Amino acid sequence: MSIKRRLFYIVKYSFVVYSVYYVVGTLFLRLLKFFIKPDDKLILFSSFGGRKFDDSPKTLYELMLKDKRFGDYKLIWAFTNPDEVELSEDRKIKCDTLNYYVTALKARVWITNSSIERGLSFKGKNTFYFNTWHGTPLKKMGADISADNQSFKGKTKNRCDVFLVQGEYEADIFSRVFTIEREKIRLIGLPRNDILIQYTNKYQLELREKLGIPVGKKVILYAPTFREYEKTEDLECKLTVPINLEYWKERLGMDYVLLFRAHYEVAKSMEITDDDFVREMSAYPQLEDLMIVSDMLVSDYSSIFFDYSVMHKPMYCFAYDYERYASERGMYFDIRDYISATDNEVDLLSMLTKGNDFEAQEKSNVFQKKYVTAYGLATKLSIDIIAKEIGLFVSVPKRHM
């Protein structure tokens, strides 16, 4: 294990070490703040703690690049490994460096789907903290997790000014576990999901061609989540592939393509070889593309169910280890009560090859209506919220004559 990884693990899992890190780091940055001149034309972006260049922050970033109101703003991204991201040098910085913290202290706006403060607390009064978050929780989080789960110690207060949700269900959870005032929670949906209902058949066909999916074949998106209790020698989460890919290919290979998308927490530990049936898509940058080209979704306890439901396609829950997962991780509700589910691989394949599975599709529709009530306009609404906060005029939709 690398020294950096070991230090990260110690800070994350040791309450004493984390407390020292929090107090010393926070004090230093709050003192440093007095020597930093704010930049009202600077916006800082981060996705998944700097590990990614995607999700709702990227959706907002791309629209800002086209929006004349932000023409003279500096839009800066923070990455853990900036050299791996194709972005001009003047638009990216490295996380956990002095330059990162100075930039964060200068910025007028923070836009992220996780956190900017790196486990510390140094947000200034002039900073507008816009948090899109990255999914609706099915697994318990924050203060709702059992106290004996040592993986989730630490401060969970989110000091954002705006926090996005796509339903009242998650608004209640986030308000409680992150101690966010309800008036700061905006029920407008997630910007990354707008494309899921705005895409055209032409766009879908272009994506299929881009991904090399044969004409006439159906596409299954398999997107399992990670298990905190399964770890590699480097103490990173892992996932043992819970399906027999050869058996799937034998049963489905003639008529289907399987897109395998692992959670970013475990993607590096996966060993899947591409062939004419299965495609390992964990490193593919845009999950939304995979959702659009797919005809159905298979997952387990992932928040992807909530996002996927707005497309009204069949969804299946492969809950092969539900009892253990629910016991060790904790769940807000039993997903099997709402989505076509099984713990048996043979039964799952029978479900997938059923043809037009109206029962699964109808369950998806009911699930969406219950849990996802805001979607489709989140990007524009988010940009207008930010523009209004920093003193830019708010766009007005054109009237159709």
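Please treat every number below as a calculation from the coordinates, not as lab data. Worth saying up front: this structure is predicted, and the values here are computed from it rather than measured. Cβ: placed from backbone, ideal geometry, glycine included. Neighbour counts: every protein chain shown.
Between the range 363-379 and the range 292-332, the C-alpha centres lie 15 angstrom from each other. 3J(HN,Hα) couplings calculated from phi for the range 179-196 with the Karplus curve 6.51 cos²θ - 1.76 cosθ + 1.60 (θ = phi - 60°) are, in sequence order, 6, 9, 4, 4, 5, 8, 8, 10, 8, 10, x, 10, x, 4, 8, 4, 4, 5 Hz; Gly and Pro show x.
Once the GluC sites (Glu not before Pro) in DSSP loops with at most 10 neighbouring Cβ atoms within 10 Å are cut out of the chain, the longest remaining piece is 272-401.
Do the sum for the chain: with -39,500 (n - 2.57) for every DSSP H run of n ≥ 4, divided by all residues, what is the mean residue ellipticity at 222 nm, to the nearest 500 deg cm²/dmol?
On the way: 14 runs with 136 residues, N = 401.
Here the helix-only value at 222 nm equals -10000 deg cm²/dmol.
The modelled label-to-label distance between Glu359 and Thr200, using points 7 Å beyond Cα along the C-beta direction, is 3.8 nm.
Reported to the nearest whole Å, the Cα centre-to-centre distance from the range 154-212 to the range 68-101 is 23. GNM, the chain, Cα, under 10 Å: largest mean-square fluctuation among Asn344, Asn193, Asn113? Of Asn344, Asn193, Asn113, the Gaussian network model singles out Asn344 as fluctuating most. For the range 200-371, lysine pairs separated by 8 or more sequence positions, or belonging to different chains, with Cα-Cα distances below 21 Å total 20.
Of the residues Leu65, Leu348, Leu120, the one that moves most in a GNM of the chain with alpha-carbon contacts below 10 Å is Leu65. Residues whose amide H falls under 5 Å from that of Tyr316, counting only those 5 or more places apart or on a different chain, are Leu297, Val298, Ser299, with hydrogens built in the peptide plane. Note on Arg108, Arg192: ascending count of other Cβ atoms within 10 Å places them as Arg108, Arg192, the fewest first.
Amide H contacts of Arg227: Lys238, each under 5 Å away and 5 or more positions distant or on a separate chain (H built 1.01 Å from N in the peptide plane; Pro and chain starts excluded).
Would you work out the relative contact order for the chain, in percent, from Cα pairs under 8 angstrom that are 6 or more residues apart? Intermediate values should be presented prior to the final figure.
Values: 659 pairs, mean separation 64.0, N = 401.
Averaging sequence separation for qualifying contacts and normalising by length gives 16 percent for the chain.
3J(HN,Hα) couplings calculated from phi for the range 58-65 with the Karplus curve 6.51 cos²θ - 1.76 cosθ + 1.60 (θ = phi - 60°) are, in sequence order, 5, 4, 5, 4, 5, 6, 4, 4 Hz; Gly and Pro show x.
Each of the chymotrypsin sites (Phe, Trp or Tyr not before Pro) that DSSP puts in a loop and that has at most 11 other Cβ atoms within 10 Å breaks the chain; the longest unbroken stretch is 1-332.
Does anyone have the angle between helix 358-371 and the longest principal axis of the chain? Alpha-carbon axes, 0 to 90°, nearest 10? The angle comes out at about 20 degrees. Neighbours of Val310 by Cβ distance under 12 Å: Lys/Arg scored +1, Asp/Glu scored -1, total 0.
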